[in-house]
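For reference, the structure discussed in these notes is given below.
The values are calculated or read from the model by the stated rules, or taken from the named source; none is laboratory data. What you are looking at is a predicted structure, and each value in this text was computed from that prediction instead of being measured. Cβ: placed from backbone, ideal geometry, glycine included. Neighbour counts: every protein chain shown.
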Amino acid sequence: MSRVHEGQLDPHAPLVLSTHELGRRPGTMRTLQRTVPAPADLGIAVIGVPEGSELHLDLRMEAVMEGVLVSGTVRGTAVGECVRCLTEVTQDIEVDLQELFAYPGKTPAEVADDEDEIREVAPGELVDLEPAVRDAVVLELPFQPECDGPCQQDYEIGVSEQTPVAEEPADPRWAALQGLLEQTDESPSGTREKS
């Protein structure tokens with residue numbers, strides 16, 4: 001398990017949140033709705049949320065024994081290219097977010113035994129949501145985006161009208177069995193003819 005030290009964060013960065021008003025008393029909660037510009041490279045090669053486009057955050061910050069638990073939803077619009085016809089594809093996305101930011105000085109065992117990476121509350125009682133948002137959004141994006149336009153209809157028509165593929169010749173070792181099967185199929189009653 002590794003701990004990620006956020007270091008000095010810019011309190012004015014769009015995805016940096018202050019936990020100062022929350023305090024450290026477990027059970028204290030604060031809700032937050034905010035619209036922020038999307039960070040750069042929020043996506044994969046074929047689709048992503050354009051830099052600067054709106055991300056809508058609907059979050060709850062809760063003080064727990066180990067640190068600050070941030071949960072809620074992130075909504076935005078991803079833009080990419082159809083993998084068939086390369087026309088523009090847009091897709092509304094809404095992802096769930098849940099991230100625990102540990103208080104400095106907590107040992108990993110006190111925070112979670114099964115987590116590979118634990119983020120900490122940075123100096124100034126700040127938390128950086130960008131890595132958590134990035135992870136949640138990228139996992140939600142389609143690996144091969146497709147449009148609903150003509151290429152999708154052409155594809156469906158092509159599949160339905162597809163000519164049967166010629167069967168590969170059977171292995172000669174199975175020829176005798178194949179002959180028996182064909183003989184059964186040709187029988188008028190559908191049962192094997194007696195010799």
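Of note:
- Selection status of Gly48, over 27 Å from Gly23 (Cα atoms) and within 17 Å of the chain's Cα centre (by Cα): yes
- Within segment 18-30, residues that are under 19 Å from Asp128 (Cβ atoms) sit with their Cβ atoms under 7 Å from residues that are surrounded by fewer than 10 Cβ atoms within 10 Å (Cβ to Cβ), at 6+ positions apart or across chains, in these pairs: Arg30/Glu21.
- Checking segment 47-58 against the condition returns a match, with at least one residue being in contact (Cβ under 8 Å) with a residue 40 or more places away in the chain, over 14 Å from Glu130 (Cα atoms) and surrounded by 13 or more Cβ atoms within 10 Å (Cβ to Cβ).
- When the test is whether a residue is in contact with a helix residue (DSSP H, G or I) (Cβ under 6 Å, 6 or more places away or on another chain) and at pLDDT 75 or above, Ala102 passes it.
- Each residue in segment 147-156 was checked for being in contact with a strand residue (DSSP E or B) (Cβ under 9 Å, 6 or more places away or on another chain) and either modelled with pLDDT of 85 or more or surrounded by fewer than 13 Cβ atoms within 10 Å (Cβ to Cβ) (or both), and 1 of them qualify.
- Some residue of segment 89-98 being over 23 Å from the mean Cα position of the chain (by Cα) and in contact (Cβ under 8 Å) with a residue 40 or more places away in the chain: no
- Qualifying residue in segment 16-30 (condition: within 20 Å of the chain's Cα centre (by Cα) and on the phi > 0 side of the Ramachandran plot): no
- Residue list for segment 123-153, restricted to those being part of a helix (DSSP H, G or I) and among the acidic types (Asp, Glu): Glu130, Asp135, Glu140
- Condition check for Arg84: in contact with a Cys (Cβ under 7 Å, 6 or more places away or on another chain), basic (Lys, Arg) and at pLDDT below 95: yes
- Some residue of segment 72-86 being under 13 Å from Val133 (Cβ atoms) and more than 18 Å from the chain's Cα centre (by Cα): no
- In segment 66-92, the qualifying residues are those that are aliphatic (A, V, I, L, M) and buried (at least 20 other Cβ atoms within 10 Å of the Cβ), and the one that is nearest to Leu22 (Cα to Cα) is Val68.
- One residue from Arg60, Arg34, Arg84, Arg30 being touching a helix residue (DSSP H, G or I) at 6+ places or on another chain (Cβ under 7 Å), more than 18 Å from Glu140 (Cβ to Cβ) and part of a strand (DSSP E or B): Arg30
- When residues in segment 63-75 are screened for being out of contact with any helix residue (DSSP H, G or I) (no Cβ under 7 Å at 6 or more places or on another chain) and in contact (Cβ under 8 Å) with a residue 60 or more places away in the chain, 1 of them pass.
- Of all residues in segment 43-56 being on the phi < 0 side of the Ramachandran plot and touching a Pro at 6+ places or on another chain (Cβ under 8 Å), the one that is modelled with the lowest pLDDT: Val46
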